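Heads up: the structure comes next, in structure tokens.
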Amino acid sequence: QVQLVESGGGLVQAGGSLRLSCAASGGTASRYVMGWFRQAPGKEREFVATISRSGTSTDYAGSVKGRFTISRDNAKNTVYLQMASLKAEDTAIYYCAADRTAYISTRQMDYDYWGQGAQVTVSS
């Protein structure tokens, strides 16, 4: 079992930057593919970014590609989401997730472990 706790959310102005962190405990971080998902008010939760166990492979949703960067530090059991050039439409609750089976995945259904979420609000 692994527990995930997000941090770093908050209020930022459009065009600004913010870094989210997801700390994992109860497991070895390197055994898990990690992902970030988000859910805006009134919308379904959607994929944002994912990173392979070693950190060598990443994938992003088209809406965030070029603006967001996912990374991980397995020694710290932590995955990050660096968000830049933020837009109002990025406002959402951001969730980190982990899975030990897939190599890398954009699909919510592949992830077995989820954090409680971090609110990100972008003002304009």
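The values are calculated or read from the model by the stated rules, or taken from the named source; none is laboratory data. Since this is a predicted model, take the numbers as computed values, not measurements. Neighbour counts are summed over all protein chains in view; Cβ atoms, including those assigned to glycine, are modelled from backbone coordinates with ideal geometry. What goes into the accessible areas is simple: the full protein's heavy atoms, side chains included, and nothing from ligands, DNA or RNA. Shrake-Rupley method; radii C 1.70, N 1.55, O 1.52, S 1.80 Å.
Of note:
- Shape category assigned to the chain from the gyration tensor of Cα positions, a/c cut at 1.5: prolate
- Sorted peptide list for 23-31, 35-43, 93-101, 10-18, criterion being average Cβ within 10 angstrom, highest first: 93-101, 35-43, 23-31, 10-18
- Long-range HN-HN contacts of Thr91 with modeled amide H, under 5 Å: Val122
- Rounded percent of accessible protein surface that carbon and sulfur make up, the chain, 1.4 Å probe: 47 percent
- ³J(HN,Hα), Karplus 6.51/-1.76/1.60, whole Hz, each residue of the range 88-103, x for Gly, Pro: 4, 6, 7, 4, 4, 8, 9, 10, 9, 9, 9, 8, 9, 9, 6, 6
- Each Lys and Arg Cβ is given +1 and each Asp and Glu Cβ -1; about its Cα centre, the chain then shows a dipole of about 200 debye.
- Structural descriptor for the range 1-81: relative contact order 28 percent, calculated from alpha carbon pairs under 8 angstrom and at least 6 residues apart.
- The residue among Ala40, Gln108, Val2 whose Cα reaches farthest toward the positive pole of the charge dipole of the chain, with charges on the beta-carbon of Lys, Arg, Asp and Glu, is Val2.
- Summing +1 for each Lys or Arg and -1 for each Asp or Glu among the other residues whose beta-carbon sits under 15 angstrom from that of Ser17 gives +2.
- With each label modelled as a point 7 angstrom along the Cα→C-beta vector, the Ala61-Ser124 pair spans 1.6 nm.
- Accessible solvent surface per residue of the range 1-61, calculated while the other protein chains remain in place, 1.4 angstrom probe, Å²: 49 Å²
- Top positive-direction residue, dipole computed over the chain with Cβ charges, set Cys96, Leu18, Val122: Leu18
- DSSP bridge orientation in the chain - percent antiparallel, rounded to nearest 5: 90 percent
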